[in-house]
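Enquirer: Encoded as structure tokens, here's the structure I'll be asking about.
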Amino acid sequence: MPTRILAIETSCDETAAAVIDDGRYIRSNIIASQTDLHQRYGGVFPEMASRAHVEAIGPVIQAAMAEAQASWDSLSAVAVTKGPGLPGSLVVGVNAAKGICLARDLPLIGVNHLEGHIYSHWLEADSGAAPVALARQRLHSASPFPLVALIVSGGHTELVLMRGHGQYQLLGHTVDDAVGEAFDKVARLLNLGYPGGPAIQKAAESGDPQRFKFSRPRVSLGTKTVRATSDEYMFSFSGAKTHALRLVQDCINADGGLASRAPVSDIAASFQDAVTDWLVEKTARAADAFGVKAVLVGGGVSANRLLREKMTARFGAAVSFPPPALCTDNAAMIGAAGYYAFMRGIRDDLGMDVAPDLKLG
Ligand code: KG4
Ligand code: ZN
């Protein structure tokens, strides 16, 4: 009998449930996306997100159980995202999980959403180029620790050192916008729509990344040992966003619209090139300083093709990316993280509250 986890994720704008065996095998992975709803408004509106979760959660959990052909009796535990995220969204998933645990006498495991993005790498998935598949294989076959994980999403930009399962040391984070948020804001400036990351990537394909000089992190000062959460590992994206804004302002028509001659694809390409350089440079500093065996890149922005190319050029077979479907928010990754927590004996009681500002480490 496998150790089977039912996992639930409702931290932002996806209502998701999955059934995961042994922290690795995806039996089902159902996602009801609210992207269409939020596309109309150019972003996520908390009240609407929460209401949509309430409507979707029951059918999504049922679909996950049905697709996995899992009986309630076959479950070992229920894992659910308890934070960070939108309070009104988190509470929908947490209450559903508690209800199931109460009715079926199952253990409850609260999972940090960021931990989920990290553990998405442990999931079995057959897509991915050879070095990526190799990196994922290593996670299972040998101890991959210490490793550094870069989590890049619409809400997060975090660099985390792991010395073992469940051991997290936050090395650095963004001091202003999350990187996905910067992609989304610049896409809006350029009239490219929401979500901005894929739109910028697409526009950048026909653009010149050298045309505009966006700022880069300062050159690393060698391999000296640095304190955790020193500037060395911090990110900042507001400068790049402001730079894009200035370029756009130069191309505004008398009627307030973006001029047709605006170099949209060149701005997109130059922005994307600079931002991905930041991500690679800071990750490389941490990888060198701590002598890591693996580099894990997760979260929505890790779907970015240029970022993948640069990371692979820098770290070779040591770098791992989840397949694109597991980069954005999903419940399978919560099931993988939940499994490793379960195996470490972690249990939460039914009084567990949501933790909208939960930190890692
Ligand atoms: O992890 P995720 O689905 O949700 C959060 O937890 O935020 O990440 C969503 C973010 C959005 O900001 C989106 O623009 C960005 O990931 N994203 C990308 C790409 N695909 C999604 N950013 C850059 N390039 C992409 N290909
Ligand atoms: Zn996420």
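Readers should treat all values here as calculations from the given coordinates under stated rules, not as data from a laboratory. In this text, all values refer to a predicted model and were calculated from it rather than measured experimentally. Because the Cβ atoms are built from the backbone with ideal geometry, glycine has one as well, and the counts that use them run over all protein chains shown.
Enquirer: Under a straight-distance cross-link criterion of Cα-Cα below 16 Å, which lysines are reachable from Lys310, leaving out those fewer than 8 residues away in the same chain?
Expert: Cross-link targets: Lys282.
Enquirer: To continue, here is another question. Lysines within cross-link reach of Lys241: Cα-Cα under 17 Å, excluding same-chain residues under 8 positions apart?
Expert: Lys185, Lys213
Enquirer: Using a Förster radius of 22 Å, what is the FRET efficiency between Asn191 and Thr35 based on their Cβ-Cβ separation? Nearest 0.05, please.
Expert: On the way: r = 18 Å, r/R0 = 0.82.
Taking R0 as 22 Å, the efficiency between Asn191 and Thr35 is 0.75.
Enquirer: Next question. With N denoting the number of residues in the chain, provide Rg(C-alpha) divided by 2.2 N^0.38 Å, to two decimal places.
Expert: Numbers: Rg = 20.5 Å, N = 361, 2.2 N^0.38 = 20.6 Å.
That ratio works out to 0.99.
Enquirer: Relative contact order (percent) for the chain, with alpha-carbon contacts under 8 angstrom and 6 or more residues of separation?
Expert: Details: 789 pairs, mean separation 95.3, N = 361.
Normalised by residue count, the contact order of the chain is 26 percent.
Enquirer: Going by average Cβ neighbours within 10 Å, how do the peptides 108-117, 242-251 rank, with the highest at the top? Can you show the working numbers first?
Expert: On the way: 108-117: 26.7, 242-251: 15.1.
Order by mean packing, descending: 108-117, 242-251.
Enquirer: Further, regarding this structure: With θ taken as phi - 60° and the coefficients 6.51, -1.76 and 1.60, list the Karplus ³J(HN,Hα) couplings across the stretch 352-361 in order, rounded to whole Hz; mark glycine and proline as x.
Expert: Result, ordered by residue: 3, 9, 6, 10, x, 10, 3, 10, 9, x Hz.
Enquirer: Quick check: residue separation of Leu245 and Arg104 times 0.36 nm, minus the Cα distance between them. What number comes out in nm? Before the final figure, lay out each step's value.
Expert: On the way: separation 141, 0.36 × 141 = 50.76 nm, distance 5.36 nm.
Using 0.36 nm per residue and subtracting the Cα-Cα distance, I get 45.4 nm.
Enquirer: Can you tell me the FRET efficiency between Gln62 and Asp176 if r is taken as the Cβ-Cβ distance and R0 is 35 Å, rounded to the nearest 0.05? Mind dumping the intermediate values first?
Expert: Details: r = 41 Å, r/R0 = 1.17.
Rounded to the nearest 0.05, the efficiency is 0.30.
Enquirer: Same structure, new question: Between Leu350 and Glu124, what length in nm is gained on full extension when 0.36 nm per residue of separation is reduced by their alpha carbon distance?
Expert: Values: separation 226, 0.36 × 226 = 81.36 nm, distance 3.05 nm.
Once the chain is fully extended between Leu350 and Glu124, it gains 78.3 nm.
Enquirer: Here is a follow-up. Pull out the extension gain between Arg261 and Ser71, defined as 0.36 nm times the separation in residues minus the alpha carbon to alpha carbon distance; nm, one decimal. Could you put the intermediate results ahead of the total?
Expert: Numbers: separation 190, 0.36 × 190 = 68.40 nm, distance 5.92 nm.
Full extension from Arg261 to Ser71 adds 62.5 nm.
Enquirer: What ranking, highest mean first, results for peptides 163-169, 152-158, 312-318, 272-278 when packing means the other Cβ atoms within 10 Å averaged over each residue? Intermediate results must be reported in sequence, preceding the final value.
Expert: Values: 163-169: 14.3, 152-158: 25.0, 312-318: 16.0, 272-278: 22.0.
Going from most to least packed, we get 152-158, 272-278, 312-318, 163-169.
Enquirer: A further question follows. For the stretch 147-321, just the Cα atoms, rotate onto the principal axes and tell me the three extents in Å, largest first.
Expert: 57, 26, 26
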